[in-house]
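Student: Take this structure first; my questions come after.
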Amino acid sequence: MDPDHPSAAAAGSDDSRLAELTGNLARVRSRIAAACQAHGRDPATVTMIAVTKTFPATDVVALARLGVTDVGENRDQEAGGKVAEVAAALGESAVRWHFVGRLQRNKARSVAGYAHMVHSVDSQRLARALASAAAERTQPLPVLVQVSVDGDPARGGVVIDEVPRVAEVIAGAASLQLAGVMAVAPLQWQPERAYQRLAQVAAQMRADHPDARVISAGMTGDLEAALAHGATHLRIGSALLGNRASLR
Ligand SMILES: *Cc1c(COP(=O)(O)O)cnc(C)c1O
């Protein structure tokens, strides 16, 4: 690094970050392509969401320029700032923002303002709060019911027996669109088992709500298992962006 030329040094580090993101994106895309091939899936039916939590808006801008269309965040406060920064750099509709984290009802209005999809609806009360928060939107807000496949609601998610009731609240709200299900595989479980169970819940939901086709499943460590069991949306963080500084 040349201390007399700090801007050149900064440009150099932007270049190396861009190279890192480019390589990571190519590796993730080839993992997705290979898993689709192995399971007879058309990659065009799979949406990869880059989960950019803890990483700066400049990374979102770089990924968008590399062709990433969908971005995920898990905290409203962090997301709100990035949405504004990315819009300033690339325009309002450069990427679609997915909200994938635990959502407090008092943040529903903010999230409904920028989200393309909310993956983490885990109660009837939250569904009602989002329904009123989304009332000002021109298009209904697509939402997923987050499912607790092991029945432990600690990581968020509705126990399987409760899923139909939460789905009914969403389906009955004019400002919301029931789009499907989401899950995070429990740490102690084989991901195959978790995603197989999620696929059953998704099939039950589709029997009542044929348009609820989204299955949001699969992260860095288990995207292959998720694709084997019908995932339509993958939420990929560390394989694209690197390891996060703190666990969350
Ligand atoms: C952080 C996060 C991800 C991405 O996790 P990685 O293992 O880094 O790919 C996916 N889903 C949710 C809900 C997350 O919070």
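The values are calculated or read from the model by the stated rules, or taken from the named source; none is laboratory data. Being a predicted model, the structure only gives us computed values, none of them experimental. Every residue, glycine among them, receives a Cβ derived from its backbone with ideal geometry; neighbour counts consider all protein chains shown.
Results for (1) away from the ligand (no atom under 12 Å from the Cβ); (2) modelled with pLDDT under 95, shown as yes or no for each residue.
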residue	(1), (2)
68	yes, no
74	no, no
82	yes, no
92	yes, yes
110	yes, no
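Student: So is residue 101 on the phi > 0 side of the Ramachandran plot, part of a loop (DSSP other than H, G, I, E, B) and without any contact (Cβ under 8 Å) to a residue 60 or more places away in the chain or not?
Tutor: Against the criterion (on the phi > 0 side of the Ramachandran plot, part of a loop (DSSP other than H, G, I, E, B) and without any contact (Cβ under 8 Å) to a residue 60 or more places away in the chain), residue 101 does not qualify.
Student: Output the number of residues of the stretch 176-187 satisfying the condition of being in contact (Cβ under 8 Å) with a residue 12 or more places away in the chain and surrounded by fewer than 17 Cβ atoms within 10 Å (Cβ to Cβ).
Tutor: 0
Student: Checking the condition within 30 Å of residue 19 (Cβ to Cβ), out of contact with any His (no Cβ under 7 Å at 6 or more places or on another chain) and either among the polar types (S, T, N, Q) or in a loop (DSSP other than H, G, I, E, B) (or both), which residue from 245, 239 passes?
Tutor: 245
Student: Continuing with the same structure: Looking at (1) within 14 Å of the ligand (Cβ to nearest atom); (2) closer than 20 Å to residue 41 by Cβ; (3) more than 17 Å from the chain's Cα centre (by Cα), which is the only condition residue 217 fails?
Tutor: With (1) within 14 Å of the ligand (Cβ to nearest atom); (2) closer than 20 Å to residue 41 by Cβ; (3) more than 17 Å from the chain's Cα centre (by Cα) applied to residue 217, the lone miss is (3).
Student: Within the stretch 113-132, is there a residue that is in contact (Cβ under 8 Å) with a residue 12 or more places away in the chain, more than 21 Å from residue 233 (Cβ to Cβ) and among the basic types (Lys, Arg)?
Tutor: Within the stretch 113-132 (the criterion being in contact (Cβ under 8 Å) with a residue 12 or more places away in the chain, more than 21 Å from residue 233 (Cβ to Cβ) and among the basic types (Lys, Arg)), the answer is yes, since at least one residue qualifies.
Student: Got at least one residue in the stretch 22-37 being buried (at least 17 other Cβ atoms within 10 Å of the Cβ), in contact with an Asp or Glu (Cβ under 8 Å, 6 or more places away or on another chain) and not basic (Lys, Arg)?
Tutor: Taking every residue of the stretch 22-37 in turn, at least one turns out to be buried (at least 17 other Cβ atoms within 10 Å of the Cβ), in contact with an Asp or Glu (Cβ under 8 Å, 6 or more places away or on another chain) and not basic (Lys, Arg).
Student: Let me ask something else about it. Take the conditions buried (at least 17 other Cβ atoms within 10 Å of the Cβ) and within 16 Å of the ligand (Cβ to nearest atom) and apply them to residue 173. Does it pass?
Tutor: Considered against the rule, which asks whether it is buried (at least 17 other Cβ atoms within 10 Å of the Cβ) and within 16 Å of the ligand (Cβ to nearest atom), residue 173 comes out as no.
Student: Which one of the conditions (1) away from the ligand (no atom under 13 Å from the Cβ); (2) at pLDDT 95 or above; (3) outside any strand (DSSP E or B) does residue 188 fail to meet, given that it meets all the rest?
Tutor: Only one criterion in (1) away from the ligand (no atom under 13 Å from the Cβ); (2) at pLDDT 95 or above; (3) outside any strand (DSSP E or B) is unmet by residue 188, namely (2).
Student: Same structure, new question: Looking at 108, 89 in this structure, which one is farther than 24 Å from residue 153 by Cα and either in a loop (DSSP other than H, G, I, E, B) or not β-branched (Val, Ile, Thr) (or both)?
Tutor: None of the other options fit; the residue is 89.
Student: Then there's this: Scan (1) crowded, with 22+ Cβ neighbours inside 10 Å; (2) not in a helix (DSSP H, G or I) for the single condition residue 195 breaks and write down its number.
Tutor: Among (1) crowded, with 22+ Cβ neighbours inside 10 Å; (2) not in a helix (DSSP H, G or I), residue 195 violates only (2).
Student: Being within 16 Å of the ligand (Cβ to nearest atom) and either of a type in the set (Val, Ile, Thr) or under 17 Å from the mean Cα position of the chain (by Cα) (or both): is that true of residue 244 here?
Tutor: So residue 244 fits the description; yes.
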